[in-house]
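The values are calculated or read from the model by the stated rules, or taken from the named source; none is laboratory data. The structure presented is a predicted model; accordingly, all values stated were derived computationally and were not measured. Here the Cβ positions follow ideal geometry from the backbone for every residue, glycine too, while neighbour counts run over all protein chains shown. Just the protein is used for accessible areas: all its heavy atoms, side chains included, with ligands, DNA and RNA removed. Shrake-Rupley method; radii C 1.70, N 1.55, O 1.52, S 1.80 Å.
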Amino acid sequence: MSRHRAPSISQPGWKRLKVFWQTTTTWKASTDPQFVAKMHRVLELYDAPPTDGRVVCVDEFGPLNLQPRKGKVWRPLRSPRRLRATYNRYDGVMHMLAALDLATGKICYRIRKRWREFLDLLKALRRRWTSGRLYVVLGNFSPHKHPNVRAWAAANKVELVFLPTYGSWLNWIESEFAALRYFALNGTDHRSHDEQNTAINAYIRWHNSRAEPKGNFARESPIRTWTDYPDKAA
């Protein structure tokens with residue numbers, strides 16, 4: 001059997017060939033026939049928030065199991081921090097319902113995810129901003145579309161702006177969840193939901209004390225020039 005060895009290429013050679021070491025990622029194309037229209041509607045709300053109300057991004061974060069979570073911390077040389085290994089998930093699973101106010105950059109949240117809790121979150125947002133319309137950008141999770149939720153929203157000047165199918169990356173709050181996971185959960189091993197929720201609450205308070213208005217969502221991205229999604233997704 002013959003053996004083949006990959007040719008050796010120096011680092012300057014990689015740059016000359018425009019080849020770089022990159023992380024492999026996955027992408028799920030949307031099946032939504034209204035993808036482009038829905039995407040531009042969301043981008044319009046981000047770029048030019050209506051003067052008659054407020055734009056808020058809502059989504060779920062989780063599942064919040066009680067489990068050791070890998071992470072990185074500063075430690076003495078040759079003295080890594082060790083976490084226990086477990087496949088058990090005690091005390092049930094929770095989720096976080098959160099809302100990002102684009103005008104201030106602040107986050108508010110509730111724990112759990114059924115339609116009643118989601119409706120409670122919407123009511124809390126309405127109490128916080130009593131005048132004008134609320135434009136709520138959100139995904140297609142079934143509790144968001146419950147008839148009671150839709151009826152209450154229509155009666156209380158809350159417009160539910162649904163993202164295109166498989167388009168959660170358009171939800172601005174997703175980037176905030178990445179930071180939440182990094183700073184509040186990675187490298188932890190909470191033994192109760194109260195303990196874990198306390199860590200989450202501490203991060204949210206820290207974030208809100210430093211929050212700034214949101215701006216510049218994917219300004220240079222080619223998605224802004226798309227007029228036909230299927231061709232771009234192929």
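Assorted remarks:
- Residue with peak Gaussian network fluctuation, the chain [Cα springs, cutoff 10 Å], from ALA37, ALA85, ALA99: ALA85
- Springs between Cα atoms under 10 Å define the GNM used for the chain, and in it the highest mean-square fluctuation of ARG110, ARG84, ARG16 occurs at ARG16.
- For the chain, size of Cβ-based charge dipole, Lys and Arg +1, Asp and Glu -1, in debye: 980
- Average accessible area per residue (Å²) across the chain - probe 1.4 Å, nucleic acids and ligands excluded: 66
- Contour excess over end-to-end distance, with Cα ends at ALA199 and ARG78 and 0.36 nm allotted per residue: 40.8 nm
- Karplus-derived 3J(HN,Hα) values for region 100-105, using 6.51 cos²θ - 1.76 cosθ + 1.60 with θ = phi - 60°, are 10, 8, 5, 6, 10, x Hz; glycine and proline are entered as x.
- DSSP beta bridge pairing in the chain, given as percent antiparallel to the nearest 5: 55
- Short-range pairs are left out: with C-alpha atoms under 8 Å and at least six residues apart, the relative contact order of region 86-196 is 20 percent.
- Stretchable slack from ASP47 to ARG110, in nm (0.36 nm times residue separation minus alpha-carbon distance): 19.9 nm
- FRET efficiency, TYR90 to ARG16 (Cβ-Cβ, R0 35 Å, nearest 0.05): 0.05
- FRET efficiency for the GLN34 to ASN186 pair, using the beta carbon distance and R₀ = 30 Å, is estimated at 0.25.
- Relative contact order %, the chain, counting alpha carbon pairs below 8 Å whose residues are six or more apart: 28
- Cβ-based charge dipole, region 64-110, positive-most Cα from THR104, ASN65, LEU83: LEU83
- Point-to-point label distance, ASN216-THR23, nm (Cα→Cβ direction, 7 Å offset): 2.1
- Whole-Å distance, taken between Cα centres, linking region 27-106 and region 161-187: 3
- Between THR188, THR86, THR198, the residue with the greatest mean-square fluctuation in the GNM of the chain (Cα pairs under 10 Å linked by springs) is THR86.
- Over the chain, DSSP H runs of length four or greater, each weighted -39,500 (n - 2.57), average out per residue to a 222 nm ellipticity of -9000 deg cm²/dmol.
- Within region 45-150, percent of DSSP bridges classed antiparallel, to nearest 5: 70
- Applying both filters, DSSP loop and at most 15 other Cβ atoms within 10 Å, to the trypsin sites (Lys or Arg not before Pro) of region 127-234 gives LYS157, ARG191, ARG210, ARG219.
- Taking only protein heavy atoms and a 1.4 Å probe, the accessible area of region 151-234 is 50% carbon and sulfur.
- Neighbour-limited loop hits for chymotrypsin sites (Phe, Trp or Tyr not before Pro), region 23-129 (at most 15 other Cβ within 10 Å; DSSP other than H, G, I, E, B): TRP27, TRP74, TYR87, TYR90, TRP129
- The charge dipole of region 28-124, taken about its Cα centre with unit charges on the Cβ of Lys, Arg, Asp and Glu (plus for the first two, minus for the last two), comes to roughly 1020 debye.
- Distance between the 7 Å Cα→Cβ label points at LYS70 and GLU117: 2.7 nm.
- Farthest toward the positive end of the dipole of the chain, out of TRP21, GLY92, ALA218, is the Cα of TRP21, where the dipole comes from beta carbon charges about the Cα centre.
- Principal semi-axes in Å for the chain [√(5λ), Cα gyration tensor, largest first]: 35, 29, 18
- Projecting the alpha carbon convex hull of region 169-224 along each direction and taking the average yields 5.0 nm².
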